[in-house]
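Visitor: Supplied in structure tokens, the structure appears directly below.
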Amino acid sequence: MLEMKIIIGEFRQESNSFNPVTEKWEDFFRCGIYEGKQMEEALKGEPCAVNGMFQAVEEAGGTYVPAVSMNGDSGGIVDQEVVKVFLDKTLAVLDKEMPVDGVFLSLHGATQTVEWEDGCGEILSRIREKAGERAVIAASCDLHANVTELMWKSADFICGYHTYPHVDFYETGYRAARLGIQAIQGKKLAMVRSELPMIVPASSYTTLRGSFAELMEKGDWMVNQGRITDYSIFQMQPWLDVSCGGSAILTIGEEPKEAEECARCLAEQLWEIRHSFRSSLLSVSEICRIAQKNQSGKPVILVDSSDSTNAGACGDSAVVLREILAEGGNLKTAFYLNDPALVEDAFRAGVGAEKEFVVGGSVSGKRGLSATVTAVVRSLHDGRFHREGPAGKGMLCNVGTTAVLSVGAVDLVVCQAIAAPGDPQLYRHFGIEPGEYQLVVVKACTSYRASYEGMAAGIYEADTAGAAAVNLDKLMFRRLPKTFFPFTNQELGPVLCSVNCD
Ligand SMILES: [Zn+2]
């Protein structure tokens, strides 16, 4: 058995360029930062990419050195100091352990920092510079990554999740590490990249069914046939305003020509089905009217994914609330939002107090997102609850001190920091049973479906503006090229890049 020494590290954050709040050190600290032995203790045995890498190296009889793991919530672009800390620590471990056979990294792939549009490309290229050309660099990424040319050139292998909703973190880390190990053992593998000038709303596809699931099946089939060793299909999350971005296909195989052919085939199919990635959107007042007429006894769900914290928005918009109140405010409605300033106001006023409150806009600092209402403080909470699932069932959630307010027939859950926006416990824990409401507002992209589909009379996506808008025309792209689908008729199609092979 070949002896090998591998450095393993992690830096994951999905950046939303339209969120005005920079993600800081404290935000990463809250989600967990682990170094060295501590990283192994925290992640060994967990269903995560890093553990998949640990496992693969162990199985191959190699030695791994855990460097540092840093995770942040989806949110605004990352403070430069945060990524500097990650790189300084990782490069210091590399310095100490050199020479190493490989560096395996768990990344998100769509991370923007204050100074770098392509955070993951910059991370990979700096690690390549230090580790040298002989070290094998393998990375796992989110399906929503923006796999740039710099990432592709700096890493030997990149593997993306095959599932959306994502459930294959461990498997993806394992795949990336296995490819890295095979290369260290002397196998020649080429990685081909095809880029597509397109972005599509994240809520318009899934790997559970439909045209995107069929595309994944085709990739699996190519692997099962032995034509290629691995494939990934990346649909860049569309809230990233960068000058180099878009969807991408990666194929990895022993035969460069075959890998190229498979990449071309997958890219052409993704391009062909681009028009199928559409969501039908309704205005808030149309959805209110559906809820008024609904006699089923079940609630109508209004989805405002443009303000989803899972997609990196602030979750502090009261625009939909304002529109619901403008409809007359007589619909029995459940609504939640982030508003630390309002939580403080409500705690100062105390349970039972009735007064004028400003709701919304306190996280993003955008007054235009707020509504001024007369409300009664119903209850006050510490904001800790266990998730109902199915995703993350039983996991502890902390949304910070929380207040429940009533504005006429509308009940508001006001949190300091929303977590698990698609989990009904975000209402139930605070005494609001979604099933008893006519209209329930959910700020999430896809995560809510498993929980809400069974109890709802209907689920309707609202055509709202916000940092994570489904209607991409509502986003103010400044850097993304104007030759992109769906913004132009001047559509260019897939571009096959040359093979990355030595
Ligand atoms: Zn994702």
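The values are calculated or read from the model by the stated rules, or taken from the named source; none is laboratory data. Note that this is a predicted model, so its numbers are computed, not measured. Glycine also receives a Cβ, built like all others from the backbone with ideal geometry; neighbour counts cover every protein chain displayed. Surface areas here come from the heavy atoms of the whole protein model, side chains and all, with no ligands, DNA or RNA. Shrake-Rupley method; radii C 1.70, N 1.55, O 1.52, S 1.80 Å.
Visitor: May I ask you to give the solvent-accessible area per residue for the range 99-222, in square angstrom, as obtained with a 1.4 angstrom probe?
Guide: 33
Visitor: Still on this structure, please answer the following. Which angle from 0 to 90°, rounded to the nearest 10, does the C-alpha axis of helix 80-97 make with the longest principal axis of the chain?
Guide: That works out to roughly 30 degrees.
Visitor: Carbon and sulfur: what percent of the chain's accessible surface (1.4 Å probe)?
Guide: 48
Visitor: Based on the Cβ-Cβ distance of E286 and N224, what FRET efficiency does E = 1/(1 + (r/R0)^6) give at R0 = 45 Å, to the nearest 0.05?
Guide: Efficiency computed from Cβ-Cβ geometry: 0.50.
Visitor: Which of the GluC sites (Glu not before Pro) across the range 78-187 are loop residues per DSSP, with 14 or fewer other Cβ within 10 Å?
Guide: On the way: sites: E81, E97, E115, E117, E122, E129, E133, E149, E171; in loops: E115, E117, E133.
The qualifying sites are E115, E133.
Visitor: If contacts are Cα pairs under 8 angstrom and at least 6 residues apart, what is the relative contact order of the range 290-392 in percent?
Guide: Relative contact order for the range 290-392 comes out at 23 percent.
Visitor: Could you give each residue of the range 161-172 its phi-based ³J(HN,Hα) in whole Hz, using Karplus coefficients 6.51, -1.76, 1.60 with θ = phi - 60°, and x for Gly or Pro?
Guide: In residue order, the calculated couplings are 4, 9, 10, 8, x, 6, 9, 10, 4, 4, 4, 5 Hz.
Visitor: Oh, and also: Explain nothing, just the number: dipole magnitude of the chain about its Cα centre with +1 on each Lys and Arg Cβ and -1 on each Asp and Glu Cβ, in debye rounded to the nearest 20.
Guide: 640
Visitor: Filter the chymotrypsin sites (Phe, Trp or Tyr not before Pro) in the range 77-147 to those in DSSP coil with at most 13 other Cβ atoms within 10 Å of their Cβ, and list the result.
Guide: Numbers: sites: F86, F104, W116; in loops: W116.
For chymotrypsin sites (Phe, Trp or Tyr not before Pro) across the range 77-147 that sit outside H, G, I, E and B with at most 13 neighbouring Cβ atoms in 10 Å, the list is empty.
Visitor: Hey, another quick one. Counting only C-alpha contacts under 8 Å and six or more residues apart, can you give the relative contact order of the chain as a whole percent?
Guide: 16
Visitor: So, one more: If you plug each phi of the range 415-432 into the Karplus form 6.51 cos²θ - 1.76 cosθ + 1.60 with θ = phi - 60°, what whole-Hz ³J(HN,Hα) values come out, in order, with x for Gly and Pro?
Guide: 10, 8, 7, 4, 10, 6, x, x, 9, x, 5, 4, 9, 4, 4, 9, x, 10
Visitor: Please list, ordered by chain and number, the residues whose modelled amide H lies under 5 Å from the amide H of I7; skip anything fewer than 5 residues away on the same chain.
Guide: Placed amide hydrogens put V65, G102, V103, F104 under 5 Å from I7.
Visitor: To the nearest 20 debye, what charge dipole does the range 281-333 have about its Cα centre, counting +1 at the Cβ of each Lys and Arg and -1 at the Cβ of each Asp and Glu? Don't skip to the answer; put the middle values down first.
Guide: Working: 5 positive and 6 negative charges, 64 e Å.
Dipole about the Cα centre, nearest 20: 300 debye.
Visitor: By how many degrees, between 0 and 90 and to the nearest 10, does the Cα long axis of helix 256-272 differ from the longest principal axis of the chain?
Guide: 20
Visitor: Using amide H atoms built in the peptide plane, which far-off residues or other-chain residues are under 5 Å from V78 H to H?
Guide: Under 5 Å from the amide H of V78 lie the amide H atoms of E23, Q112, T113, V114, each far enough along the sequence or on another chain.
Visitor: Quick one: helix 49-59 against the long Cα principal axis of the chain, what's the angle to the nearest 10°, folded into 0 to 90?
Guide: Once rounded, one gets 30 degrees.
Visitor: Something else now. With every protein chain in place, what's the accessible area of R175 (1.4 Å probe, Å², nearest 10)?
Guide: R175 has an accessible surface of roughly 40 Å² with all protein chains in place.
Visitor: Let me ask you something else. How large is the Kirkwood hydrodynamic radius of the range 61-133, counting all unique pairs of alpha carbons, in Å?
Guide: For the range 61-133, the Kirkwood estimate is 13.1 Å.
Visitor: Take every Cα pair under 8 Å in the range 100-143 that's 6+ residues apart, average their separations, divide by the length, and report that relative contact order as a whole percent.
Guide: 57
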